[in-house]
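Have a look at the structure below, then the notes.
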Amino acid sequence: MPRLLIAASGTGGHLFPALAVAEALPSSWQICWLGVPDRLETEILPKNYNLTTISVGGLQARGIRKILQFLRLVFAARKVKQLNQDQKIDAVFTTGGYIAAPAILGAIWCGLPVVLHESNAVPGRVTRFMGRFCNLIALGLPPAAKRLSGCRTVVTGTPVRALFLSSQPLPTWVPSTPGPLIIVMGGSQGAVGLNLMVRAVIPLLLKEGCRVVHLTGHNDPEIKELRHGNFVSKAFSNEMPALLQHADLAISRAGAGALSELAVCRTPAILVPYPSATDQHQDFNAAFAAEFGAAVIVHQHEPHHHTLRETLFRLLKCRLYGTDSLLDPLPKMKEGMEKLAVRGSEKLLVEILKQVS
């Protein structure tokens, strides 16, 4: 009976791919989960995954603070080592981020195999620094391999939850009028800049007959009530598979997890990369999608600028005004998303974990 430690924490981009792998494992496997207190995993993780939390952060500070952060990392790695020994762990799987550093160090300390999944086109700092100590780095996007010299890599795609891979009915709370359905999503942490851009054009979209579902995230202080029969605003929805499958167009950040979900649902997208993302990795993710014709990139701008508005109406023109359907760009974008999609990523990762355990 293999025993696996999964280290995934913080955002949906780290947690949901790890959950997809956990759900795909044979029922005989025992799973322990390593996370951080007060993060998303404490809310959504099934109790049977035996969550253990440790305090850990990055190493961006300088001087004495960096020394203190390093000591905290060593202390966290010692906790992981003890957990591995107590739970008789056979292998470690991590999806990167801060939690990956103590997980990898703890595994090395115990002589355990490690599989690291890197979802972005630009590998994160922990992946770049510690990937060479892992048995394998599984890549969500092929361009990441160019930045990981000395590491053993394989492209697996980024796993999505099972519901994304089967047809889902449109939620009853979504407006059912005939107009194009637009889904706006900024990720589990929210996206204030993106939300402000979108709010500037929502009245125009509604006036032209569009239906809009705006998922604002939990950290948006500018939420205002707009009442309209074709508009719904929510902080979060657990029905993303259904929303994306039925959407004519999505407006989204360019995190790797969101990109994978858009791809398997074949949802054309306007991608607005988060401008403060580490190493501009969302810009590179978006550029990779745009190469397939799957998405159009709009960089974050002030609400009074018109780039997003002009892009929306260019893409929706045929559906709003009944012009020649042969000129509709959305079907070609759907084809691009289909080319971008990698289905069965979780199964590939399960086979890798079986081989190393």
Exercise. Please work out if D220 is under 23 Å from the mean Cα position of the chain (by Cα), at pLDDT below 90, on the phi < 0 side of the Ramachandran plot and crowded, with 17+ Cβ neighbours inside 10 Å.
Key: yes
Practice problem: Report yes if some residue within region 250-265 is surrounded by fewer than 22 Cβ atoms within 10 Å (Cβ to Cβ) and out of contact with any Gly (no Cβ under 7 Å at 6 or more places or on another chain); otherwise report no. | Solution: no
Quiz prompt | Residues of region 178-200 that turn out to be surrounded by 14 or more Cβ atoms within 10 Å (Cβ to Cβ) and over 25 Å from L40 (Cα atoms), as a count | solution = 8
Practice problem: Test V160 against the stated conditions and say whether it is in a loop (DSSP other than H, G, I, E, B), in contact (Cβ under 8 Å) with a residue 60 or more places away in the chain and either crowded, with 18+ Cβ neighbours inside 10 Å or basic (K, R) (or both). | Solution: yes
Quiz item: Which of the residues spanning region 249-288 are under 22 Å from C318 (Cα atoms) and among the charged types (D, E, K, R)?
Solution: R266
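Going by what's in this entry, would K339 be described as without any contact (Cβ under 8 Å) to a residue 12 or more places away in the chain and in a helix (DSSP H, G or I)?
Numbers: without any contact (Cβ under 8 Å) to a residue 12 or more places away in the chain: no; in a helix (DSSP H, G or I): yes.
When the stated conditions are applied, K339 does not pass them.
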Quiz prompt | Residue that is closer than 25 Å to G322 by Cα and surrounded by 15 or more Cβ atoms within 10 Å (Cβ to Cβ), where the choices are P241, P175, P203 | solution = P175
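Kindly establish whether D248 is over 23 Å from P180 (Cβ atoms), among the acidic types (D, E) and not assigned by TED's automatic domain parsing to the domain that holds L15.
No, not satisfied.
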Quiz item: Would a scan of region 194-211 turn up a residue that is touching a strand residue (DSSP E or B) at 6+ places or on another chain (Cβ under 6 Å), within 30 Å of L136 (Cα to Cα) and in contact (Cβ under 8 Å) with a residue 60 or more places away in the chain?
Solution: no
Exercise. Being small (G, A, S) and part of a helix (DSSP H, G or I) is the filter here, so list the residues in region 279-332 that pass it.
Key: A286, A287, A289, A290, S325
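The values are calculated or read from the model by the stated rules, or taken from the named source; none is laboratory data. Given the structure is predicted, the values throughout are model-derived calculations rather than measurements. All Cβ positions, glycine included, derive from the backbone under ideal geometry; neighbour counts span all protein chains shown.
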